[in-house]
Amino acid sequence: MTISLLQYQDRFPNIRLERRGGVLQVSLHSNGGTLKWGATAGSIHAQLPEALYRIGRDPDNKVVILTGTGDAFCQEFDFSQIKMPTPEFMSEDLYPIFREGRDILVNLLEIEAPVIGVVNGPAWIHAELLVLSDVVLANKRASFADKAHFVNGVVPGDGANVVWPALLGPNRGRHFLLSGAEISATKALELGFVAEVLPTDRLLPRAWEMALDFASKPRRTLQMTRTCFTQPWRKRMHDELGYGLMLEMGAVEFVTSPPATGR
């Protein structure tokens with residue numbers, strides 16, 4: 001089944017979509033400003049799986065640019081869209097969050113178009129969305145951290161457990177996830193998971209320059225190259241993503257419903 005941009009362009013409140021020359025720019029935002037992450041029904045957590053599914057099935061998307069809006073990619077939560085782990089949450093909301101968390105990364109990796117991740121500032125919440133791109137560009141103010149999980153008492157699932165040890169090495173990756181340490185753009189360039197660091201005013205123009213060059217290549221070349229690049233990630237996510245998510249959800253359940261201590 002193929003999908004056209006007109007069918008989904010205005011469907012997602014936190015995702016702005018614009019396309020020219022076969023290049024689709026996907027900008028995540030909250031009310032037109034920097035994205036604040038939420039995880040309730042209708043939030044960015046719920047919008048992304050469907051958006052990425054539709055993007056991946058639109059044959060006119062030859063290259064995708066994924067970025068944020070404003071001075072950061074995402075470094076804060078929208079606490080009006082975060083539910084506390086009550087018994088009602090456990091019975092009604094936990095599985096949808098599990099399914100969405102799985103589908104975000106699966107659908108991202110199923111896009112058969114090269115993806116350029118553009119890090120427009122601090123990416124402290126779900127930076128794995130950007131660093132899974134085929135090319136990662138960052139401005140000089142960008143930094144990377146995982147402040148969504150362990151530092152807040154949450155198991156670092158959501159694919160972070162797969163992505164960061166793979167990019168940083170097992171020991172550095174575990175330290176990164178446990179400590180909430182921030183990695184600057186220049187350090188990320190040195191470590192090899194960012195390709196270029198640019199001034200802010202050159203960041204998106206450079207991404208579009210690169211994307212339009214990619215889009216000039218034959219469609220089948222683009223599709224098969226992307227498939228070649230994503231196959232190792234898709235295999236690892238198939239094996240490990242669901243398990244990590246279940247450990248994350250299981251720890252929430254344990255905190256919410258501790259074992260009885262009576263005899």
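The values are calculated or read from the model by the stated rules, or taken from the named source; none is laboratory data. As the structure is a computational prediction, the values presented were derived from the model and not from experiment. All Cβ positions, even for glycine, are placed from backbone atoms using ideal geometry, and neighbour counts span all protein chains on display. The accessibility values were calculated without ligands, DNA or RNA, using every heavy atom of the protein model including side chains. Shrake-Rupley method; radii C 1.70, N 1.55, O 1.52, S 1.80 Å.
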Exercise. Kindly rank 5-11, 121-127, 210-216 from highest to lowest mean number of other beta carbons found within 10 Å of each residue.
Key: 121-127, 210-216, 5-11
Practice problem: With all protein chains present, calculate the accessible area of M224 using a 1.4 Å probe and round the result to the nearest 10 Å². | Solution: 120
Self-check item: C228, C74, ranked by accessible area, largest first (probe 1.4 Å)
Solution: C228, C74
Exercise. Enumerate the helices in the chain for which the Kyte-Doolittle hydropathy averages 0.5 or more and the C-alpha atoms extend at least 15 Å along the helix's axis, using complete DSSP H runs.
Key: 94-109
Quiz item: Going by the alpha-carbon gyration tensor, a ≥ b ≥ c the square roots of its eigenvalues, is the stretch 36-174 rounded (a/c under 1.5) or, if a/c is not under 1.5, prolate (a/b greater than b/c) versus oblate?
Solution: oblate
Self-check item: Share of carbon and sulfur in the accessible heavy-atom surface of the chain [1.4 Å probe, %]
Solution: 55
Quiz item: If the cut-off is a Cα-Cα distance under 17 Å, which aspartates and glutamates reach K217, setting aside same-chain residues fewer than 8 apart in sequence?
Solution: D60, E112, D134, E209
Exercise. Using only the Cα atoms of the stretch 111-164, build the gyration tensor, take square roots of its eigenvalues as a ≥ b ≥ c, and label the shape rounded, prolate or oblate: rounded if a/c is under 1.5, else prolate if a/b is larger than b/c, else oblate.
Key: oblate
Practice problem: Would you mind getting me the FRET efficiency between E240 and D201? Use the beta-carbon distance for r and R0 = 41 Å, nearest 0.05. | Solution: 0.60
Quiz prompt | Cα-based shape type of the chain, given that a ≥ b ≥ c are square roots of the gyration tensor eigenvalues and the cut on a/c is 1.5 | solution = prolate
Self-check item: Helix-only [θ]222 nm of the chain, DSSP H runs n ≥ 4, -39500 (n - 2.57) each, per residue, nearest 500
Solution: -14500 deg cm²/dmol
Quiz item: What accessible area, in Å² to the nearest ten, does a 1.4 Å probe give for T186?
Solution: 90
Quiz prompt | FRET efficiency for F79 and R172, using Cβ-Cβ distance with R0 set to 30 Å, rounded to 0.05 | solution = 0.45
Quiz item: Given H placed on each backbone N at 1.01 Å, which residues far from L198 in sequence or on other chains put an amide H within less than 5 Å of it?
Solution: A138, N139, K140
Quiz prompt | Projected area, mean over directions - the stretch 109-256, Cα convex hull, nm² | solution = 9.0
Practice problem: On a C-alpha basis, how far is the centre of the stretch 1-34 from the centre of the stretch 117-167 in Å? Whole number, if you could? | Solution: 22
Quiz item: For the stretch 134-217, what is the accessible area per residue in Å² when the probe is 1.4 Å?
Solution: 45
Quiz item: Under a 1.4 angstrom probe, counting protein chains only, how are R57, R206, R20 ranked by accessible area, largest first?
Solution: R20, R57, R206
Quiz item: For the cross-link pairs K62/K235; K62/K147; K36/K187, which exceed 27 Å when the distance is taken from alpha carbon to alpha carbon?
Solution: K62/K147
Practice problem: For the stretch 8-107, run through the GluC sites (Glu not before Pro) and keep only the ones in DSSP coil with at most 16 other Cβ atoms within 10 Å of their Cβ. | Solution: none
Quiz prompt | Hypothetical label at D71: residues of the stretch 181-196 whose amide nitrogen lies under 13 Å (7 Å Cα-Cβ projection) | solution = none
Exercise. Run through the DSSP bridge list for the chain and note the antiparallel percent, rounded to the nearest 5.
Key: 30
